[in-house]
1. Out of all the residues in segment 101-143, which are within 19 Å of Y37 (Cβ to Cβ) and among the acidic types (D, E)?
2. With the structure loaded, tell me whether G113 is on the phi > 0 side of the Ramachandran plot, of a type outside the set (S, T, N, Q), modelled with pLDDT under 95 and over 11 Å from the mean Cα position of the chain (by Cα) or whether it fails that test.
3. Check off (1) assigned to a strand (DSSP E or B); (2) under 17 Å from I126 (Cβ atoms) for M58 and give me the number that stays unchecked.
4. If I filter segment 23-33 for residues that are of a type outside the set (A, V, I, L, M, F, W, C) and part of a strand (DSSP E or B), do I get at least one hit?
5. Can you tell me how many residues within segment 44-67 are of a type in the set (G, A, S), more than 15 Å from the chain's Cα centre (by Cα) and either under 17 Å from I103 (Cα atoms) or at pLDDT 90 or above (or both)?
6. Return yes or no: is Y41 assigned to a loop (DSSP other than H, G, I, E, B), in contact (Cβ under 8 Å) with a residue 24 or more places away in the chain and within 11 Å of the chain's Cα centre (by Cα)?
7. Which one is surrounded by the most Cβ atoms within 10 Å (Cβ to Cβ), of the residues in segment 135-156 that are assigned to a strand (DSSP E or B) and small (G, A, S)?
8. When W122 is evaluated against the numbered criteria (1) of a type in the set (A, V, I, L, M, F, W, C); (2) within 20 Å of S19 (Cα to Cα); (3) without any contact (Cβ under 8 Å) to a residue 60 or more places away in the chain; (4) touching a strand residue (DSSP E or B) at 6+ places or on another chain (Cβ under 8 Å), which criterion, by number, is the only one it fails?
Amino acid sequence: MLACNEPEKQESIPSQDWSEKFVDISHLDSLEHGKSYLSVYSQIYSADDKRITNLTAMVSLRNTSDLDTIYLLKATYYDTYGSLVRTYFDKPVFLAPMETTEIIINLTDVSGGTGSNFLFEWKTPIGCPEPLFEGIMNSTKGQQGLSFSTQAKRIK
């Protein structure tokens with residue numbers, strides 16, 4: 001049984017129906033492959049290591065090209081210990097020029113912990129700018145709010 005002020009832990013629900021974005025790219029042969037790492041925080045320490053504040057995280061997936069469609073191959077979410085929490089999609093999805101989509105980690109979804117992170121695999125046409133992945137974390141209590149952002153780093 002939960003205390004009155006303790007929110008029930010919930011798994012984040014997809015903010016996007018990825019099946020609507022699935023695309024077959026097997027016929028495309030001139031694509032550059034990349035992989036990006038994004039740190040996100042579903043919890044942070046406040047005051048000391050015994051007090052934890054839960055955060056809502058919005059993970060923004062952006063096509064920075066105004067001309068080309070890009071393809072995201074896989075989005076995986078890991079916890080503090082490097083264990084896979086969930087895979088959001090593992091088939092190619094497309095983002096049209098300048099399109100943005102999001103993954104939302106609910107305030108009550110603490111499965112990622114204080115060191116959660118994402119890996120994104122993607123393909124772009126040769127010469128196309130690479131995608132941008134950002135994390136925006138926030139929390140509000142009464143009159144006080146906390147927010148900060150992170151940006152992905154290309155690792156491959």
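The values are calculated or read from the model by the stated rules, or taken from the named source; none is laboratory data. Only a predicted model underlies this, so the values are computations on that prediction, with no experimental measurement involved. Ideal geometry is used to build each Cβ from the backbone, glycine not excepted, and the neighbour counts take in all protein chains shown.
1. So the first thing to find is which residues in segment 101-143 are within 19 Å of Y37 (Cβ to Cβ), and the list is 101-103, 105, 111-124, 129-137.
Answer for segment 101-143, where residues must be within 19 Å of Y37 (Cβ to Cβ) and among the acidic types (D, E): E102, E121, E130, E134.
2. Values: on the phi > 0 side of the Ramachandran plot: yes; of a type outside the set (S, T, N, Q): yes; modelled with pLDDT under 95: yes; over 11 Å from the mean Cα position of the chain (by Cα): yes.
Yes.
3. (2)
4. Taking segment 23-33 as the starting set, the residues that turn out to be of a type outside the set (A, V, I, L, M, F, W, C) are 24, 26-27, 29-30, 32-33.
When the remaining residues are screened for being part of a strand (DSSP E or B), the result is 32-33.
Yes, segment 23-33 contains at least one residue that is of a type outside the set (A, V, I, L, M, F, W, C) and part of a strand (DSSP E or B).
5. Applying the first criterion (of a type in the set (G, A, S)) to segment 44-67 yields 46-47, 57, 60, 65.
Within this subset, residues satisfying the condition of being more than 15 Å from the chain's Cα centre (by Cα) are 46-47, 65.
Then keep just the ones that are either under 17 Å from I103 (Cα atoms) or at pLDDT 90 or above (or both); that gives 65.
Adding up the residues that qualify gives 1.
6. On the way: assigned to a loop (DSSP other than H, G, I, E, B): yes; in contact (Cβ under 8 Å) with a residue 24 or more places away in the chain: yes; within 11 Å of the chain's Cα centre (by Cα): yes.
Yes, satisfied.
7. Start the filter on segment 135-156 by keeping residues that are assigned to a strand (DSSP E or B), which leaves 135-141, 144-151, 153-154.
Those left that are additionally small (G, A, S): 135, 139, 145, 147, 149.
Working: G135: 23, S139: 18, G145: 9, S147: 11, S149: 12.
Here the residue is G135.
8. (3)
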